[in-house]
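Step one of this worksheet: look at the structure below.
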Amino acid sequence: MRKKPASASSRAPATKERFAALLASFATGALAAILLLSASGARGQQIPDQVSADALRVCADPANMPYSNMAGEGFENKIAAIVADELKVPVRTYFMPQGPGFVRNTLGRRLCDVVIGYAAGADPVLHTNPYYQSVYVLVVKAGGRFDGVEQLSDPRLKEARLGVMAATPPADHMLEYGLLPKARTYSLLVDRRFASPAQDMLDDLAKGEIDGALLWGPTAGAFAAQSPTPLKVVPLLKEAERPAMTYRITMGVRPTDHAWKQTLNTVLRKRAADIEKVLLAAHVPLVDDDGALITAAAPAGDTRIGQ
């Protein structure tokens with residue numbers, strides 16, 4: 001049963017939900033509290049009065065690939081390393097599953113100073129300038145019957161069974177085109193340490209249980225690239241504007257940390273090309289300000305992201 005769609009602004013990919021759709025990994029308050037007390041959480045950190053000067057203190061999810069994990073393998077882990085390199089300080093990560101209370105219990109308690117991925121405009125953080133823009137995508141089997149579809153309005157999709165994350169923007173477009181009755185809905189609100197709905201969706205696509213998967217681009221790009229079944233990732237750049245299918249991603253800081261925001265903006269501008277290389281290597285579908293896909297890394301010194 002499909003719940004009444006939320007507003008587009010409430011479903012943009014905020015911190016990894018991004019979630020607001022973003023790119024999603026939620027934990028219960030009890031699990032979050034346990035992690036706060038664990039050795040892999042605070043690790044005895046003192047609560048400072050301001051932004052740390054001796055480390056880049058990052059708030060991150062411990063098991064939310066392709067964005068972040070405790071081994072530092074996510075593209076947001078790598079972007080944090082670039083920022084720290086520019087600031088000439090080490091990275092210190094405070095891990096907590098993203099979900100209700102994430103910002104309050106991390107940034108709000110001054111246990112860390114920045115969330116690396118946050119949808120522009122989403123509460124309750126102060127946003128840096130966007131450092132990339134991405135888009136929801138349709139994933140289909142390469143060479144399959146739906147290879148070549150570029151829009152959800154394509155008549156061929158009337159016969160398709162599509163997978164979609166519950167309460168994300170593509171669901172509204174599917175409703176408009178009459179695609180929901182056959183759809184398979186996957187839960188957005190999960191603890192990614194124990195479940196991965198996006199991977200499940202692509203596994204179902206590979207097995208033929210669904211004909212296409214609608215996912216946030218950075219998530220889909222990474223997982224599709226790992227699939228043993230050849231999959232094609234189709235950025236949905238031609239859909240109606242409401243609800244939006246493209247979102248700008250920023251870094252989030254405390255609403256009072258204006259000087260820190262400006263420091264990060266300077267870093268994002270100076271290291272834009274390095275950040276873009278990381279994103280492209282992670283198979284993130286990047287969209288420029290004109291709505292076109294970015295298919296090659298910018299040359300050193302290029303500042304087309306992080307403006």
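The values are calculated or read from the model by the stated rules, or taken from the named source; none is laboratory data. Worth saying up front: this structure is predicted, and the values here are computed from it rather than measured. Cβ: placed from backbone, ideal geometry, glycine included. Neighbour counts: every protein chain shown. Accessible surface areas use protein heavy atoms only, side chains included; no ligands, DNA or RNA. Shrake-Rupley method; radii C 1.70, N 1.55, O 1.52, S 1.80 Å.
Within segment 264-283, does at least one residue satisfy the condition of being modelled with pLDDT of 95 or more, of a type in the set (Gly, Ala, Ser), open to solvent by 10 Å² or more (accessible area, probe 1.4 Å) and outside the structural domain of Val139 (by the TED database)? Scanning segment 264-283, I find at least one residue that is modelled with pLDDT of 95 or more, of a type in the set (Gly, Ala, Ser), open to solvent by 10 Å² or more (accessible area, probe 1.4 Å) and outside the structural domain of Val139 (by the TED database), so the answer is yes. On inspection, Arg18 fails the criterion of being surrounded by 24 or more Cβ atoms within 10 Å (Cβ to Cβ), touching a helix residue (DSSP H, G or I) at 6+ places or on another chain (Cβ under 7 Å) and at pLDDT below 50. In segment 258-284, which residues are assigned to a helix (DSSP H, G or I), closer than 14 Å to Ile79 by Cα and of a type in the set (Val, Ile, Thr)? Val267, Ile275, Val278, listed by residue number.
Lys238 meets all of the listed conditions (1) assigned to a loop (DSSP other than H, G, I, E, B); (2) under 24 Å from Pro124 (Cα atoms); (3) open to solvent by 20 Å² or more (accessible area, probe 1.4 Å) but one, namely (2).
Residues of segment 241-254 that are surrounded by fewer than 22 Cβ atoms within 10 Å (Cβ to Cβ) and in a strand (DSSP E or B): Thr246, Arg248. How about segment 187-206: which of its residues are surrounded by 22 or more Cβ atoms within 10 Å (Cβ to Cβ) and within 19 Å of Leu231 (Cα to Cα)? Correct list: Ala198, Met201, Leu202, Leu205. Name the residue, out of Leu23, Leu107, Leu87, that is among the hydrophobic types (A, V, I, L, M, F, W, C), modelled with pLDDT under 50, open to solvent by less than 60 Å² (accessible area, probe 1.4 Å) and not assigned by the TED database to the domain that holds Met174. Just one listed residue meets the conditions, Leu23.
Of the residues Ala119, Ala81, Ala160, Ala142, the single one that is hydrophobic (A, V, I, L, M, F, W, C) and crowded, with 23+ Cβ neighbours inside 10 Å is Ala119. Checked against (1) over 16 Å from the mean Cα position of the chain (by Cα); (2) open to solvent by less than 10 Å² (accessible area, probe 1.4 Å), Pro170 meets all criteria but (1). Scanning segment 90-103 for residues that are open to solvent by 50 Å² or more (accessible area, probe 1.4 Å), within 13 Å of Asp113 (Cα to Cα) and not basic (Lys, Arg) returns a single hit, Val91.
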